[in-house]
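One structure is given below, encoded as structure tokens.
Readers should treat all values here as calculations from the given coordinates under stated rules, not as data from a laboratory. Quick caveat: nothing in here was measured; it's all calculated off a predicted structure. All Cβ positions, glycine included, derive from the backbone under ideal geometry; neighbour counts span all protein chains shown.
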Amino acid sequence: MMPALGDPSNPLRVAVVGAGPSGFYAAEALLKQKDLAVRVDLFERLPTPYGLVRGGVAPDHQKIKNVALVYEKIAGLPGFRFFGNVKLGQDLSAQDLAARYHQVVYAVGNESDRKMGIPGENLAGSHSATEFVGWYNAHPDFRDRHFDLSCESAVIVGLGNVAMDVARILAQDPQNLRSTDIAGCALDALMKSRIKTIYLLGRRGPAEAAYSPQEIRDLGELASADLVVKPEEAAVAEASRPLLADPEARKNADYALEKSRAGDGAKPKKIRLRFCVSPVEVVGEGGRVKAVKVEKNRLVPDGRGGAKLENTGQFETLPAGLVLRAIGYRGVPIPGVPFDEKAGKTPNAEGRVLDAQGKTIVGHYAVGWTKRGPSGLIGTNRADSAATVNLMLADAKAGQALKPEQDAEAVGDFLRQKGARPVSFADWKALDAIEKERGKALGKIREKFSSAQEMLSALEAKACR
């Protein structure tokens, strides 16, 4: 008789695809189960783990990156294996995983971005914040991007924390970034930057702003730039006042009002925080961005106790040689995995993946942004992943699991036979040490490798010593 699933002689085998926060938290929730034998293999398309903690958190926010120490401890739990440099849909398929594991968890995040859908959006000099953030963080996907910082004005569309990061990187003295893990090419470009004015555009008012109170204060306390708010735009519309019951919304509104009273200031750079304006066109000249045309909005009662946007027909043109849209991330389809094109994520019911007919696909799950879309902070993913794991365990107990016919233990051999070069967690730790050593020579925290080939070559060189 076959031992029960989760017995030491028949452990629950789970594949987690994506080594960002949600993937690690899913592994943690699984491996810390008492009286249940679990084996977790974590797959990541890059040779490096940690997802947006490595490739998305701004280089001047090193304390946030320290959460990687938690993930390192998770990687040390019995039953954990890491397979970096392995891309689902290329090096192995969803079918390959279903043939080897009882359950598969998708934690691939949102690798793309949302579009504004306005004329001129594709002009040279108009980019997504995703690209810019990846570029200054030495993410391999964006190492070849070029951003022209020779202009005097830039426009950032969106008022979330990503927009705050991008504005801060552009506005602060680049000397303050020298000792961080910023990409060398980005630091060089920022040192030569001529940008003096940065417009931050939000469609709604200060009570609706998506940034956190601390993020906007970080901008307002820069030594190199003044945060400037128009008094008439800092005022909270009557229809938005119920939002002020939320402490964060209240803090944001109060801070905008405080800054509106301070005037332009005397610092060399200006961050002009604009509320109730919507971009309607990116204006070009000679195929490049020259300006952004915006329409002013007003917030009026929506009849349900909230506020809705109403266009005013009043327009303004802001000079800009660089436009960065930060209006939200979006998932990308993976071969063999259901995808909701409209929502930009994996269709699921509380973490259980659904097929095109809305039926649960046994043994397949989603966590993090793959599950809920781009919302929440890094820590939000812990509870989110644990909730999905609870469903997984209930399903496994009820016999609702995949029935693998092949040995997951030999998945490394399978990958190598297919020509892949999987990177183990020990390999990553070796890379980690090499990057820190490279950084030490430059007076930095680390000097990142910005391509998979560079990483693999460094590992081979170290092995040959």
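Distance from the alpha carbon centroid of segment 87-164 to that of segment 415-438 works out to 23 angstrom. Note on segment 1-70 and segment 228-295: Cα centroid distance 40 Å, given to the nearest whole angstrom.
So which trypsin sites (Lys or Arg not before Pro) in segment 220-314 end up in coil per DSSP with only 16 or fewer other C-beta atoms within 10 Å? Here the sparse-neighbourhood loop sites are Arg261, Arg304.
When you filter the trypsin sites (Lys or Arg not before Pro) in segment 1-74 for DSSP loop state and at most 16 other Cβ atoms inside 10 Å of their Cβ, you are left with Lys32, Lys34. Close lysine pairs were tallied over segment 114-328: pairs 8 or more places apart or on different chains with Cα atoms under 12 Å apart number 4. Once the Cα-Cα distance is subtracted from the 0.36 nm per residue extended length, the Phe315 to Leu442 segment shows a gain of 40.9 nm. Straight-line cross-link reach from Lys436 at under 24 Å between alpha-carbon atoms covers these lysines, not counting any fewer than eight positions away in the same chain: Lys63, Lys65, Lys73, Lys444, Lys448, Lys462.
Take the Cβ-Cβ distance between Lys429 and Leu257 as r, set R0 to 60 Å, and report the resulting FRET efficiency rounded to the nearest 0.05.
0.80
For segment 224-378, taking the reciprocal of the average inverse distance between every pair of different Cα atoms yields a Kirkwood hydrodynamic radius of 19.5 Å.
Could you line up Ser112, Ser153 from fewest to most neighbouring Cβ atoms inside 10 Å? Before the final figure, lay out the partial values.
On the way: Ser112 13, Ser153 19.
Ascending number of Cβ neighbours within 10 Å: Ser112, Ser153.
Rounded to 0.05, the FRET efficiency of the Ser93 and Ser179 pair, given R0 = 45 Å and the Cβ-Cβ distance, is 0.55.
Cut-off is 10 Å between beta-carbons; in what order do Lys230, Lys192 appear when sorted fewest neighbours first? Please list the in-between numbers first.
Working: Lys230 15, Lys192 9.
If I rank by nearby Cβ atoms, fewest first, I get Lys192, Lys230.
Please compute the length gained on full extension between Asp413 and Leu244, using 0.36 nm multiplied by the number of residues separating them and subtracting their Cα-Cα distance. Could you put the intermediate results ahead of the total?
Values: separation 169, 0.36 × 169 = 60.84 nm, distance 5.74 nm.
Value of the extension gain: 55.1 nm.
Within the chain, antiparallel bridges make up roughly 40 percent of the DSSP beta bridges whose residues both belong there. Please give the FRET efficiency for Leu69 paired with Lys267, using the beta carbon to beta carbon distance and R0 = 41 Å, rounded to the nearest 0.05. Efficiency, rounded to the nearest 0.05: 0.70.
An oblate overall shape is assigned to segment 227-307, the ratio a/c of its alpha-carbon gyration tensor axes (a ≥ b ≥ c) being 1.5 or greater and a/b not exceeding b/c.
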